[in-house]
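Working notes, structure below.
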Amino acid sequence: MARNVHNPQDVRDLPLFAARADFMAKPQRPSPTRAEAVAARDRGVAAAAGGAGAAFLRQAAEFIRCRLRDAGPSTAEELVDAAKASGIVPLNDRAFGPVMLKLARAGEIEKTGQFVPRRKGNMSGAQPTWRIRS
């Protein structure tokens with residue numbers, strides 16, 4: 001019997017669609033729950049904070065507080081670049097993440113609700129601006 005290429009059952013058997021059909025047949029890992037995602041984030045933050053050192057974390061937090069108080073709302077990229085220019089330089093820029101998270105959780109800083117395009121990050125989305133919480 002001749003193959004009918006217009007029949008969806010038969011099209012999946014064609015070599016062109018074989019990889020796609022195989023991909024669709026494999027069970028996919030379910031997306032993490034919110035609790036799992038937050039736990040994974042917290043593990044990453046703890047690892048970054050542990051590698052940065054207590055002195056860096058204190059200096060960076062104080063710098064971010066002062067910078068936001070003096071210069072007004074800023075993005076995390078601007079805060080990181082300004083901190084590095086002032087001599088507060090970690091081994092990896094990701095070490096600033098735990099500092100921002102700690103200040104936000106403590107209620108010292110907050111997002112303004114305004115977003116601006118990123119200057120770094122390979123065309124990633126917009127980033128929030130931060131301010132001292134009043």
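The values are calculated or read from the model by the stated rules, or taken from the named source; none is laboratory data. Note that the coordinates shown come from a computational prediction; the quantities given were computed from them, not determined experimentally. Every residue, glycine as well, gets a Cβ built from its backbone with ideal geometry; the counts of neighbours run over all protein chains shown.
Below, the figures for the structure above:
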quantity	calculated
Members of the range 68-83 that are part of a helix (DSSP H, G or I) and closer than 28 Å to residue 38 by Cα	68, 76, 77, 78, 79, 80, 81, 83
Filter result (more than 19 Å from residue 45 (Cα to Cα) and either part of a helix (DSSP H, G or I) or in contact with a Phe, Trp or Tyr (Cβ under 9 Å, 6 or more places away or on another chain) (or both)) within the range 112-127	112, 125, 126
Pair list, Cβ under 7 Å, 6 or more apart: the range 120-134 residue over 14 Å from residue 76 (Cβ atoms), other residue part of a strand (DSSP E or B) and not aliphatic (A, V, I, L, M)	133/110
Criterion violated by residue 48 - all others in (1) of a type outside the set (Lys, Arg); (2) at pLDDT 85 or above; (3) part of a helix (DSSP H, G or I) satisfied	(2)
Selection within the range 61-108 - over 21 Å from the mean Cα position of the chain (by Cα), free of Cβ contacts under 8 Å to residues at least 40 places away in the same chain and over 17 Å from residue 128 (Cβ atoms)	62, 63, 66, 70, 85, 86, 87, 88
Residue in the range 92-107 that is among the aliphatic types (A, V, I, L, M), surrounded by fewer than 14 Cβ atoms within 10 Å (Cβ to Cβ) and not in a loop (DSSP other than H, G, I, E, B) present	no
Residue, farthest from residue 105 (Cα to Cα), within the range 51-62, restricted to residues that are out of contact with any helix residue (DSSP H, G or I) (no Cβ under 9 Å at 6 or more places or on another chain) and among the small types (Gly, Ala, Ser)	55
